[in-house]
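The values are calculated or read from the model by the stated rules, or taken from the named source; none is laboratory data. Predicted model, so just to flag it, every value in this text is computed and none were measured. Because the Cβ atoms are built from the backbone with ideal geometry, glycine has one as well, and the counts that use them run over all protein chains shown.
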Ligand code: SF4
């Protein structure tokens with residue numbers, strides 16, 4: 001099968017000890033069956049003792065919610081000892097995500113990862129072929145690629161201004177870009193302070209008032225949301241909800257940037273990373289926002 005990815009994908013490498021928001025802190029990591037078998041075979045007592053087997057096996061977080069295998073320099077002791085082969089599936093794959101399409105398998109990197117976010121916002125978005133892999137794809141019966149192409153065609157239409165492109169997409173899908181304060185207030189947040197931040201960003205900055213200097217970053221962020229969420233749609237209605245979710249994330253980022261005066265690349269990248277972590281990495285949050293377009 002053919003593999004596709006965004007143009008920046010192959011530049012991605014975890015920055016490990018340099019990362020200020022390590023995914024090895026604060027997240028409970030499930031250990032898959034194969035990895036558990038491997039750790040038993042290796043008779044690695046330190047690893048085995050760190051796994052809580054009540055319910056789904058997972059690494060018990062240590063002090064400050066750090067993974068017990070994260071050393072003082074921010075490096076993973078399992079990688080240092082066994083290489084990448086020693087990792088469980090989640091650690092090896094993060095922050096990658098996959099979609100099977102009628103053309104082949106697509107891979108991407110999630111914006112909640114600091115380094116992935118930097119790459120996503122640094123380059124204009126295109127999808128490129130990155131190689132072949134053994135195996136067969138199992139795409140859903142609904143082909144979301146034509147919907148996605150329709151959006152990317154509008155997003156790259158140089159005859160339209162950025163606000164006109166957003167309005168055209170919203171109009172095409174019958175989406176009124178009004179965020180519901182009660183939906184944002186009721187989401188689950190990893191960091192409680194983000195509840196007030198996100199709710200305060202409503203009402204969103206009107207499309208026509210988007211600061212010019214933010215357009216490039218917002219466009220790249222929106223292209224990423226569309227790649228991740230619209231491609232995953234399994235029906236026309238899911239595709240519409242995914243478009244709504246993508247546009248709403250874009251407006252949230254714009255409003256937060258305006259309200260918090262986060263207009264530089266690094267300040268905006270931190271906003272984008274936080275929004276992704278809070279909204280995209282909780283299935284409940286993502287679903288609640290998507291369904292709010294039907295209320
Ligand atoms: S968040 Fe990204 S860059 Fe940071 S430790 Fe995790 S994978 Fe590496």
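Do we have residue 237 as surrounded by fewer than 19 Cβ atoms within 10 Å (Cβ to Cβ) and more than 23 Å from residue 20 (Cβ to Cβ) here?
yes
What's the number of the condition residue 68 fails, among (1) surrounded by fewer than 19 Cβ atoms within 10 Å (Cβ to Cβ); (2) outside any loop (DSSP other than H, G, I, E, B)?
For residue 68, the exception is condition (2).
Does residue 130 qualify as being over 30 Å from residue 198 (Cα atoms), surrounded by 16 or more Cβ atoms within 10 Å (Cβ to Cβ) and more than 16 Å from the ligand (Cβ to nearest atom)?
yes
So which residues in region 150-179 are free of Cβ contacts under 8 Å to residues at least 60 places away in the same chain, within 19 Å of residue 123 (Cβ to Cβ) and surrounded by 14 or more Cβ atoms within 10 Å (Cβ to Cβ), if there are any at all?
156, 162, 165
So residue 194 passes all but one of these: (1) within 20 Å of residue 271 (Cβ to Cβ); (2) without any contact (Cβ under 8 Å) to a residue 60 or more places away in the chain; (3) outside any loop (DSSP other than H, G, I, E, B). Which condition number does it fail?
Exception for residue 194: condition (2).
Please pick out the residue among 61, 42 that is more than 22 Å from residue 14 (Cα to Cα) and surrounded by 13 or more Cβ atoms within 10 Å (Cβ to Cβ).
Values: 61 fails: more than 22 Å from residue 14 (Cα to Cα).
Checking each option against the conditions leaves just 42.
If only one of 80, 61 is outside any loop (DSSP other than H, G, I, E, B) and over 23 Å from residue 233 (Cα atoms), which one is it?
80
Kindly establish whether residue 93 is loosely packed, with under 14 Cβ neighbours inside 10 Å, closer than 25 Å to residue 279 by Cβ and without any contact (Cβ under 8 Å) to a residue 24 or more places away in the chain.
It is true that residue 93 is loosely packed, with under 14 Cβ neighbours inside 10 Å, closer than 25 Å to residue 279 by Cβ and without any contact (Cβ under 8 Å) to a residue 24 or more places away in the chain.
Modelled with pLDDT of 95 or more, within 13 Å of the chain's Cα centre (by Cα) and either within 20 Å of residue 207 (Cβ to Cβ) or not in a loop (DSSP other than H, G, I, E, B) (or both): is that true of residue 267 in this structure?
The answer is no for residue 267.
When residues of region 4-55 are filtered for being within 16 Å of the ligand (Cβ to nearest atom), in a loop (DSSP other than H, G, I, E, B) and closer than 30 Å to residue 127 by Cβ, how many remain?
Number of matching residues: 13.
Among (1) at pLDDT below 95; (2) closer than 30 Å to residue 2 by Cα; (3) touching a strand residue (DSSP E or B) at 6+ places or on another chain (Cβ under 7 Å), where does residue 28 come up short?
(2)
Within the bounds of region 98-108, is there any residue that is touching a strand residue (DSSP E or B) at 6+ places or on another chain (Cβ under 8 Å) and closer than 19 Å to residue 218 by Cβ?
Yes, because at least one residue in region 98-108 is touching a strand residue (DSSP E or B) at 6+ places or on another chain (Cβ under 8 Å) and closer than 19 Å to residue 218 by Cβ.
Suppose the filter is away from the ligand (no atom under 11 Å from the Cβ), modelled with pLDDT of 95 or more and in a loop (DSSP other than H, G, I, E, B); does residue 97 pass it? Write out each step before concluding.
Numbers: away from the ligand (no atom under 11 Å from the Cβ): yes; modelled with pLDDT of 95 or more: yes; in a loop (DSSP other than H, G, I, E, B): no.
It is false that residue 97 is away from the ligand (no atom under 11 Å from the Cβ), modelled with pLDDT of 95 or more and in a loop (DSSP other than H, G, I, E, B).
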